[in-house]
Amino acid sequence: MRLNVNEHLAEAERICAGNGAQLTALRRAVLTLILESESPPTAYRLLDQLRDVRKSAVPPTIYRALEFLLQNRLIHKIERLNAFVACTGADHAHALVQFLICGKCGTVAEIEDDEVAVALRRAAQNAGFHPSRALVELEGVCAVCCGTEN
């Protein structure tokens, strides 16, 4: 699913304002790069792209911006890829989302299936484990690459 960049940035502004935070020009630029990316970019790819407009950008610059975007629930980190995707909705529990990662084209789709989250939580509790976060990343082939797109 391709996100509308302008709508997403406007929503990000509202979310930040609601959190008492500011979506600075730098943070906005990093979020825009993520939104416009065909596949989830890594921090260093973002840094390289950011240097096109901010020559003085260094790794801490990008990591601070990414941390802000993560804390304000505007992006997710895909652990398997060590890369980032824009969040499709800040109104859900970020600790319970699942990601579908296409091994052919590299796209990542965010889904939220409460039944999956409940099943994981119950299985963990049955094992005496107290989860603080559940990250589910499924690898496979997307509908487009399979030719089964609706």
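Here, each number is a calculation from the coordinates, and none is a lab measurement. Please read all numbers here as calculations on a predicted model, not as lab measurements. Positions of Cβ are generated from backbone atoms using ideal geometry, with glycine treated the same way; all protein chains shown enter the neighbour counts.
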Work out, step by step, the length gained on full extension between Asn126 and Glu36: first 0.36 nm times the residue separation, then minus their alpha carbon distance; give nm to one decimal. 28.2 nm
Val118 to Val144: extension gain in nm, 0.36 nm per residue of separation minus the Cα-Cα distance? 6.4 nm
Using just the Cα positions, wrap the chain in a convex hull and report its mean projected area in square nanometres, one decimal place. 10.4 nm²
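Below 8 Å between Cα atoms, with a sequence gap of 6+, how large is the relative contact order for segment 5-86 in percent?
Here the relative contact order equals 32 percent.
As a test of the definition: which semi-axes, in Å, follow for segment 94-146 when you take the square root of five times each eigenvalue of its alpha carbon gyration tensor? Largest first, please.
Output for segment 94-146: semi-axes of 26, 9, 9 Å.
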For segment 48-91, list log₁₀ I(q)/I(0) at each q in 0.24, 0.25, 0.27, 0.33 Å⁻¹, using the Debye formula over Cα point scatterers of equal strength and ignoring solvent, two decimals each. -0.90, -0.94, -1.00, -1.10
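What dipole magnitude, in Debye to the nearest 20, does segment 94-146 give about its Cα centre under +1 on Lys/Arg Cβ and -1 on Asp/Glu Cβ?
Values: 4 positive and 7 negative charges, 36 e Å.
Here segment 94-146 has a charge dipole of around 180 debye.
Only helices at least 30 Å long along their own axis, judged from Cα atoms, and with Kyte-Doolittle mean hydropathy of 1.0 or greater: name those in the chain from DSSP H.
Values: long enough: none.
Membrane-span-like by this criterion, though nothing is claimed about a membrane: none.
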Long-range amide H partners of Glu137 with built H, under 5 Å: Phe99
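Suppose only helical runs count, i.e. DSSP H with n ≥ 4. What mean residue ellipticity at 222 nm does that imply for the chain under -39500 (n - 2.57) per run, divided by all residues and rounded to the nearest 500 deg cm²/dmol?
Values: 6 runs with 64 residues, N = 150.
It comes out at -13000 deg cm²/dmol, rounded to the nearest 500.
Assuming 0.36 nm per residue, please report the length gained on full extension of the stretch Ala17 to Arg64 beyond their Cα-Cα distance. Please report the intermediate quantities before stating the final value.
Details: separation 47, 0.36 × 47 = 16.92 nm, distance 1.84 nm.
15.1 nm is the gain from fully extending Ala17 to Arg64.
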Tail beyond 14 Å, pair distance distribution of segment 5-86 (Cα, percent): 58 percent
Using a Förster distance of 41 angstrom, determine the FRET efficiency expected from the C-beta separation of Arg54 and Asn4, and round it to 0.05. 0.95
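Just need the relative contact order of segment 64-150 here, percent rounded to a whole number, with Cα pairs under 8 Å and 6+ apart.
27 percent
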